[in-house]
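Q: Dropping a structure here in structure tokens format, bear with me for questions.
The values are calculated or read from the model by the stated rules, or taken from the named source; none is laboratory data. Quantities reported herein were computed from a predicted structural model and do not represent experimental measurements. What goes into the accessible areas is simple: the full protein's heavy atoms, side chains included, and nothing from ligands, DNA or RNA. Shrake-Rupley method; radii C 1.70, N 1.55, O 1.52, S 1.80 Å.
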Amino acid sequence: MAEDFDPVAHNRVAWDGLVDSDNEWSRPVGPEVIARARDGDWSVVLIGHQPTPRDWLPADLTGVRVLCLASGGGQQGPILAAAGATVTVFDNSPKQLARDDEVAAREGLVLRTVLGDMRDLGAFGDADFDVIVNPVSNVFSPELAPVWSESFRVLRPGGTLLTGFMNPDVYIFDEVALDRRELVVRHRLPFSSLDLSEADRMRAYGDGPIEYSHSLTEQIGGQLAAGFVLTHLSEAPHHADVTAEHFPAYIATRALKP
């Protein structure tokens, strides 16, 4: 891999490609989901297909300033906007953000979309948001400390950070073998798909996004180091691979800014 390789630029192109190929996390919600959200019947996900507990979010979202962090795709953002929140969707992929704009236009919703790297929230001021909703996405970020420090900065005191992430143990397994529903231990942790040879990376990931395993110290310890107070944690099996038969591949946390 060239020394001047930019993983953020690569992942932007890769995620645009996933949108074009109808990736599951790029399919906008339908009108019936928005109609139910307007009536107060809604849920969003942080990990896999598991609904986020409603008591992790304010009971009444009317006027609540929500940042959907690295959460484009026309899913969480429009649902929360239909439920009454003032929503900003921030994502590294223009085509992911276009999905949110598409739903907003179709449903007459007001939301803002902003393009950028989740490590740099300089587009926003201090204490601009009440809630951050960050489904599994930091697996695509080279480092997490800036994500947590920036999230802390843009939340108001008392604000809530909801985030989902991968259990790093998933990355000890060979990706191609997982596709065959086999658990073959191959990698040391921490792992990045950049660690692979180009041939092996193409075999396992194709031209998809670069991924990083990130330790629990980086994930949970990083939130605490940034100043957050952890209030809740939950786990869930992977929604689509054989690891679900053995251990939880997803972790979600709720944390507060004191």
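Q: With the Cα gyration tensor of segment 199-258 giving a ≥ b ≥ c as the square roots of its eigenvalues, does the rule (a/c under 1.5 for rounded; else a/b larger than b/c for prolate; else oblate) give rounded, prolate or oblate? Each step should come with its number before you reach the end.
A: Numbers: a/c = 3.39, a/b = 1.67, b/c = 2.03.
It is oblate, given that a/c is not under 1.5 and a/b is not larger than b/c.
Q: Taking every pair of distinct Cα atoms and averaging 1/r, then inverting, what Kirkwood hydrodynamic radius in Å comes out for segment 141-258?
A: 15.5 Å
Q: Normalising by the residue count of the chain, find the relative contact order in percent from Cα pairs under 8 Å and 6+ residues apart.
A: Result for the chain is 19 percent.
Q: When ligands, DNA and RNA are left out and all protein chains stay put, how many square angstrom of accessible area per residue does the chain have with a 1.4 Å probe? Spell out each step's value before the answer.
A: On the way: 11240 Å² over 258 residues.
Per-residue accessible area for the chain comes out at 44 Å².
Q: Under the rule a/c < 1.5 gives rounded, and otherwise a/b versus b/c splits prolate from oblate, where does segment 35-83 land using the Cα gyration tensor?
A: Numbers: a/c = 1.32, a/b = 1.20, b/c = 1.10.
Judged from the Cα gyration tensor, segment 35-83 comes out rounded (a/c under 1.5).
Q: For Cα extents along the principal axes in Å, the choices are (1) 86, 37, 33; (2) 71, 49, 35; (3) 49, 40, 38; which was calculated from the structure?
A: (3)
Q: At 1.4 Å probe size, with the rest of the protein present, what percent of the exposed accessible area of segment 103-254 is carbon and sulfur atoms?
A: Its accessible area is 53 percent carbon and sulfur atoms.
Q: Counting each DSSP H run of 4 or more residues in the chain as -39500 (n - 2.57), what helix-only mean residue ellipticity at 222 nm follows after dividing by all residues, to the nearest 500 deg cm²/dmol?
A: Using -39500 (n - 2.57) per qualifying helix, the result is -7500 deg cm²/dmol.
Q: Oh, and also: Pick from 47, 34, 172: which is most flexible by mean-square fluctuation in a GNM of the chain where alpha carbon atoms under 10 Å apart are linked?
A: 172
Q: So, one more: Using a Gaussian network model of the chain with C-alpha springs under 10 Å, which one of 105, 226, 83 is most mobile by mean-square fluctuation?
A: 105
Q: Any idea what the alpha-carbon Rg over 2.2 N^0.38 Å comes to for segment 1-89?
A: Dividing the Cα radius of gyration by 2.2 N^0.38 Å gives 1.28.
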